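FYI, it's all coordinate maths here, none of it is from the lab. Here the structure is a predicted model, which means the values were calculated and not measured. Neighbour counts are summed over all protein chains in view; Cβ atoms, including those assigned to glycine, are modelled from backbone coordinates with ideal geometry.
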Amino acid sequence: VPLDQDQREYLEKPVEVLQRSARLIGNVRKMQKIMDGSLQAHVIDLCEMLTYVQREFGAMPRKPVTLIMRAPAPCHVRANELLYDVFSNLMTNAIKHTGDRADIAITLEEADGDGGRSYRVAVADGGPGIPDDFKDVIFSRVLKGTDKAKGMGLGLYLVKSLVDSYGGKVWVEDRVPGDHTQGARFVVQLPAVLARS
């Protein structure tokens, strides 16, 4: 017998709760690995990883994901297997917070960092954006539970913790400078590992 809308929602709600709980448990375990130093850093090709992320998330209906590479491959950084979680988290947020339809762009470019060359990756979306008074605190885990930051707790805190552990930086800015209502642009900057000559 086909289920009506109410019955379907009744069954789907516990599944959503279980999925959220599983994500939270997974994030807590990842945080533990960061804190106890059990993950060894090694050289990772950022270009290859972003291609994989675009392929994985680009299949979402009505939310095409464009990957713009402005740096020649390979793009080596020093990180660990949780680097994927940084971009997976940013992509999940972009998809979740952009309504029924959106264009999402991942851009990779070379940049000059504090200590030399680095790679800058931006994930930009056309969602509701991040108000200016939240830009400096959005990566803090204490935001969980506030109305304005609903659903942006441990995930972005994990992103910041990981990027910090790789010697990088992460921040959020307006997709259209000066107008946060036109979407957000999350930026991750990681030190480049120079090729051996």
Taking θ as phi - 60°, what are the ³J(HN,Hα) couplings along the range 172-186 by the Karplus curve (6.51, -1.76, 1.60), each to the nearest whole Hz, with x for Gly and Pro?
-> 10, 9, 6, 4, 10, x, x, 9, 5, 6, 8, x, 10, 9, 8
Net charge near residue 56, counting Lys/Arg +1 and Asp/Glu -1 over other residues with Cβ under 14 Å of its Cβ?
-> 0
